[in-house]
Amino acid sequence: MAFSFVRTTQLNVVGASVVSMPLSAAAVANNFLVIHTKHTNVNGFVSLVDNVGNTYAVAGGPVDNGVNARIYQYYGVQVIGGATTLTLTISGTDNTRVIIDEFSGGALTNAALFDQVASNTGTGTSSSVSLSPTQAGCLIIGGIGHAAAIVTPAAGSGFTLSSSSAAQIGEYKLSGTTSETVAASWTNSAAWASLAASYKPLAAATNGAGFFGLM
């Protein structure tokens, strides 16, 4: 089953240790969410839950840009769909930016969905992370957090911006290879931290004779 981007939710919360994150529309059962968070006071992750009982895992983080941005990437299959609010708890009072992206087409459990993760940091007008998925056809997702306000963000070659702000970028590639460069750019220099992860597709159904089953 091919991956498909469904929708995104973006949120900015100032001075809080608990961040409530309602989705912009009801989640679809068997879709999955990828959650990018960026914190300015480099506090740590405590928990991520929702109001309907889905579970979430940390794909990567913390990754710090060396100035004032710490980023994480989380993910979770929506075993239970519907109107959903996520609650993120961190270890101190912080300013937090969040991008929540919903996709269809992934494996149906958190353990089967996750593939690989990589990270990088630097300073300048572009970011880059090298990622090596274990199989072709994975969904590739990148999240970048910045220490300063950026201008004119752009996705890397072959990628699409899911959402962006002056301090955070989310991007994705619907069908990846086993060697990926996850990049982004902007027009003014800033310290950055980047996380990229790959997620496995839902396997095609087969019958006992080895033919593809009806979809």
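Any read-out appearing in this document is the output of simple, stated calculations on the displayed coordinates, not a laboratory observation. In this text the structure is predicted, and so the values were computed from the model without any measurement. Reconstructed Cβ throughout: ideal geometry from the backbone, glycine too, with neighbour counts over all protein chains shown.
Quick notes on this one:
- Taking the stretch 14-34 as the range and being aliphatic (A, V, I, L, M) and within 16 Å of residue 95 (Cα to Cα) as the test, the residues that pass are 14, 16, 18, 19, 21.
- Hits in the stretch 103-116 - residues which are surrounded by fewer than 18 Cβ atoms within 10 Å (Cβ to Cβ) and assigned to a strand (DSSP E or B): 104
- Checked against the criteria, residue 109 counts as without any contact (Cβ under 8 Å) to a residue 40 or more places away in the chain and either farther than 20 Å from residue 62 by Cβ or touching a Cys at 6+ places or on another chain (Cβ under 8 Å) (or both).
- Residues that are outside any loop (DSSP other than H, G, I, E, B), of a type in the set (Gly, Ala, Ser) and surrounded by fewer than 20 Cβ atoms within 10 Å (Cβ to Cβ) within the stretch 120-144 comprise 122, 124, 126, 128, 130, listed in sequence order.
- When the stretch 26-54 is filtered for residues that are in contact with a Lys or Arg (Cβ under 6 Å, 6 or more places away or on another chain) and in a loop (DSSP other than H, G, I, E, B), only 42 remains.
- Residue selected from the stretch 176-200 under the condition closer than 22 Å to residue 39 by Cβ and of a type in the set (A, V, I, L, M), by the criterion surrounded by the fewest Cβ atoms within 10 Å (Cβ to Cβ): 191
- Residue list for the stretch 145-177, restricted to those being outside any strand (DSSP E or B), under 16 Å from residue 198 (Cα atoms) and out of contact with any Pro (no Cβ under 7 Å at 6 or more places or on another chain): 156, 158, 159, 174, 175, 177
- Residue match in the stretch 52-69 (condition: charged (D, E, K, R), closer than 29 Å to residue 137 by Cα and touching a residue at least 12 places away in the same chain (Cβ under 8 Å)): no
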